[in-house]
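Colleague: The structure that follows is given in the form of structure tokens.
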Amino acid sequence: MKKTVSAIILTIVFLASTIVPSSACTTIIVGSKATKDGSIIIARNEDGDGPTEAQNMVYHRARTESEVFRSNSISNPNDNTFTYTMPKGALAYVSFPRWSTGVKSNYSFEETGINEYGVAISATETIFNSEQVLKIDPYLVKTGVTEDSVTSVVLPYATSAREGARILGKIIEKTGAGEGFGVAFSDGNEAWYLETASGHHWLAMRIPDDSYFVSANQGRFQQADFSDTMNVMSSPGLLDFAVSNRLFDPQGEPFNFFKCFVADIPHDGTYNYPRVKMLLRMYSEYDYDKNDGLYPVFMLPKEKMSVWDVAKGLRNRYNGTPHDPYENRNPREPYRPISVLRTSLSHITQARPDLPEDIAHVQYIALGMTDLSAYVPFYKGITTIPREYQNAGGQADNDSMFWKYRKMQALVLQDYPRFAPQAHEAIARFEKEVTAGQEVMEAHYLKLYLKDRTAARRLIQNFTDATIARQNRMLAGLIMKISRALGMEQMTNEEYTVLIKKTEALYHFHGA
């Protein structure tokens, strides 16, 4: 017998009644000699507070005049009022701001983007500095820089990944951090990652070319050679700060950033450790047999990695284990999976240094829950952002790509073991077709761009438009087929919004 819409929603309301919202992410960075094609990759799942927090795609033009950026205090309980005077000469860039900031004085909570120099950012990975260090140098929760602001004030001025980390570090030193975070930067030559140490201190490290790095809502840095300025940057006096405040004894064991500055509590054992452990096992067949958070920081992969290997990691749900909450239909699973329904978007940003800039820099964007979403390539050289990626709001609609994915994902989760295989098959087929189309388009582009760059860019745009049309057809077919099987084909957008919220509350996995 088919379940009615009301019966399904009532069941979800009952089961979800004790779950409260939170925010979290998972980051993967891969050096150029650790990838199959020599590219540099930074990637992250942006896991928001809930399932209605759509991110739209926006192009920012270059600016010659100064202006003032004001935080919109998105996902911040402290009414953060961070402001920043933006210097003249801001670079053009593409980003993915939270939909609700489109009616504010400026966009914010922009999450990821690429600027005209090919510098990319992913901001932020929520982390927590230790209670001990925050008693000495607390976060400036009311006025410090937070996730809401990082991309907006750094990306317009970064001409390299290293400079992006340096700019953010200087802001932390001057205005303070309003919360703990990690931020990834990349360009055609290298990738960097920055972690806060306290309210005014920070450490940034270059990702070794032959290695990868993963993070899951906890600071990850350990050893750091402060004399190696090609690979390490920090706030002035970071080591002296640790020594003078008895966070580190130079006469004892070597300096360890994690032990000095990073919060490590029992909750990490189920919320954060399992995600890092799973990725290290997946990419390096490495099993860390302790439960202390001191996993190796930079790891060599067992095989060189591709965009799709990174996607597999970001889609992980502890597949094939007793800890898979979706296949086992266990929303109270203690291990928080990498793939969750409250993900607003996931990006895999690739820099391929030996290609023309229009196709060298690609952002693969998946909307919503990564396990049930396709990664779609957006090239730096596109000339028009598809309308389906510009118009999502806070309620379900019929047009935006974000809400089409949200509808499909909520439907699948009504009976994941039954419907997920259909979605996985359709997504895999779509991605395979798109990848084949990329190869053809890029070959044509390389033959044409030196003769006629405008015509070459049209190839990119035509490919993008065709990809979006194919994606629309895939999602329409899945939504129709699954909703009919559930007896839910007559649902209104208002009913979908309720269903999505209740389904996400059931599978929320509270606490960063």
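Colleague: Based on the mean of other beta carbon atoms within 10 Å per residue, what is the order of 62-74, 379-391, 33-45, most packed first?
Modeller: In decreasing order of mean packing, 62-74, 379-391, 33-45 become 33-45, 379-391, 62-74.
Colleague: Separate question: Greater than 31 Å separation of Cα atoms is the criterion. Which listed pairs, K312/K502; K174/K380; K174/K259; K380/K451, meet it? Don't jump to the answer; show the numbers that get you there.
Modeller: Working: K312/K502 27 Å; K174/K380 33 Å; K174/K259 25 Å; K380/K451 19 Å.
Flagged as over cut-off: K174/K380.
Colleague: I'd like the chymotrypsin sites (Phe, Trp or Tyr not before Pro) in the range 174-227 restricted to DSSP loop residues with at most 13 other Cβ atoms within 10 Å, sorted by number. Don't skip to the answer; put the middle values down first.
Modeller: On the way: sites: F181, F185, W192, Y193, W202, Y212, F213, F221, F226; in loops: F221, F226.
Listed in order of number, the matching sites are F226.
Colleague: Distance from a point 7 Å along Cα→Cβ of N231 to each backbone N in the range 297-332: keep the residues under 16 Å and list them by number.
Modeller: From the range 297-332, the list is 297-301.
Colleague: With Cα extents along the principal axes in Å in mind, check [x] 159, 70, 46; [y] 81, 58, 51; [z] 71, 61, 47 and report the label derived from this structure.
Modeller: The calculated read-out lines up with [z].
Colleague: Within a Cβ distance under 14 Å of D465, other residues only, what is the Lys/Arg minus Asp/Glu net charge? The partial results should precede the final answer.
Modeller: On the way: positive: R387, R457, R458, R470, R473; negative: E388.
After counting each charged neighbour, the total is +4.
Colleague: Determine the distance separating the Cα centre of the range 354-373 from the Cα centre of the range 424-458; give it in Å without decimals.
Modeller: Result: 13 Å between the Cα centres.
Colleague: Working only with C-alpha atoms, what are the Rg and Dmax values of the range 130-188, expressed in angstrom?
Modeller: Reported Rg and Dmax, both Å: 12.2, 40.
Colleague: Once a ≥ b ≥ c are taken as the square roots of the eigenvalues of the Cα gyration tensor of the range 349-422, is the result rounded (a/c under 1.5), prolate (a/b larger than b/c) or oblate (a/b not larger than b/c)? Mind showing how you got there, number by number?
Modeller: Working: a/c = 4.11, a/b = 1.73, b/c = 2.38.
Oblate.
Colleague: For the peptides 99-106, 277-284, 399-406, what is the packing order when you average, over each peptide's residues, the other Cβ atoms within 10 Å and list the highest mean first? Each step should come with its number before you reach the end.
Modeller: On the way: 99-106: 15.1, 277-284: 19.5, 399-406: 23.6.
Listed from highest to lowest mean packing, they are 399-406, 277-284, 99-106.
Colleague: Quick check: Cα centre of the range 381-422 to Cα centre of the range 260-296, how many Å?
Modeller: 32
Colleague: Normalised by the residues of the range 24-395, what does the relative contact order come to in percent, with Cα pairs under 8 Å and at least six apart?
Modeller: Details: 891 pairs, mean separation 77.1, N = 372.
Normalised by residue count, the contact order of the range 24-395 is 21 percent.
Colleague: Students often get this wrong: which residues of the range 354-388 have the backbone nitrogen under 15 Å from the point 7 angstrom along Cα-to-C-beta of Q461?
Modeller: Only 379-387 pass the distance filter.
Colleague: Sticking with this structure for a sec: Can you give the helix-only mean residue ellipticity at 222 nm for the chain, where every DSSP H stretch with n ≥ 4 adds -39500 (n - 2.57) and the sum goes over all residues, rounded to the nearest 500 deg cm²/dmol? All intermediate terms of the calculation are to be shown ahead of the outcome.
Modeller: Values: 14 runs with 170 residues, N = 512.
Result for the chain: -10500 deg cm²/dmol, rounded to the nearest 500.
Colleague: For a Förster distance of 22 Å, can you work out the FRET efficiency between the beta-carbons of A92 and A469, rounded to the nearest 0.05? Could the numbers behind the result be given before it?
Modeller: On the way: r = 27 Å, r/R0 = 1.22.
The value I calculate is 0.25.
Colleague: Please state the shape class of the range 227-385: rounded when a/c is under 1.5, otherwise prolate if a/b exceeds b/c and oblate if not, all from the C-alpha gyration tensor. Please report the intermediate quantities before stating the final value.
Modeller: Working: a/c = 2.17, a/b = 1.24, b/c = 1.75.
Taking the square roots of the gyration eigenvalues as a ≥ b ≥ c, the range 227-385 is oblate.
Colleague: Based on alpha-carbon centroids, what's the gap between the range 94-172 and the range 217-242 in Å, whole number please?
Modeller: Using only Cα atoms, the two centres lie 19 Å from each other.
Colleague: Under a Cβ-Cβ cut-off of 12 Å, what is the net charge of the residues other than P417 that fall near it, where Lys and Arg count +1 and Asp and Glu count -1?
Modeller: On the way: positive: R329, R418; negative: D324, E327, D415.
Once positives and negatives cancel, what remains is -1.
Colleague: Can you classify the range 303-408 as rounded, prolate or oblate using the Cα gyration tensor, where a ≥ b ≥ c are the square roots of its eigenvalues, rounded means a/c under 1.5, and otherwise it's prolate if a/b beats b/c and oblate if not? Spell out each step's value before the answer.
Modeller: Details: a/c = 3.68, a/b = 1.31, b/c = 2.80.
Here the range 303-408 falls in the oblate category.
Colleague: Cut-off under 18 Å on the C-alpha distance; same-chain residues fewer than 8 positions from K447 excluded. Which aspartates and glutamates are left, in chain and number order?
Modeller: Qualifying aspartates and glutamates at Cα under 18 Å: D354, E357, D358, E439.
Colleague: Further, regarding this structure: Using 1/(1 + (r/R0)^6) with R0 = 30 angstrom and r between the beta carbons of H444 and K36, what's the FRET efficiency to the nearest 0.05?
Modeller: Details: r = 23 Å, r/R0 = 0.75.
That gives a FRET efficiency of 0.85.
Colleague: Among the helices of the chain (complete DSSP H runs), which have Cα atoms covering no less than 27 Å along the helix axis and a Kyte-Doolittle mean of at least -0.5? Working shown, then result.
Modeller: On the way: long enough: 416-448 (47 Å, -0.48); 453-486 (49 Å, -0.03).
The qualifying helices are 416-448, 453-486.
Colleague: What does the charge add up to near I359, with Lys and Arg as +1, Asp and Glu as -1, over the other residues with Cβ less than 14 Å from its Cβ? Can you show the working numbers first?
Modeller: Numbers: positive: R352, K380, K447, R453, R457, R458; negative: D37, D354, E357, D358, E439, E442.
Summing Lys and Arg as +1 and Asp and Glu as -1 gives 0.
Colleague: Which residues does the label zone of K142 cover in the range 151-185, counting backbone N under 19 Å from a point 7 Å along Cα→Cβ?
Modeller: It comes to 174-180, nothing else.
Colleague: DSSP loop (so not H, G, I, E, B), at most 11 other Cβ within 10 Å: list which trypsin sites (Lys or Arg not before Pro) in the range 157-219 pass both filters. Present the calculation step by step, with values, prior to reporting the outcome.
Modeller: Working: sites: R162, R166, K170, K174, R206; in loops: none.
Nothing satisfies the criteria.
Each reported figure results from applying straightforward, stated rules to the coordinates on display, with no laboratory input. What you are looking at is a predicted structure, and each value in this text was computed from that prediction instead of being measured. Here the Cβ is made from the backbone with ideal geometry for all residues, glycine too, and neighbour counts use every protein chain on show.
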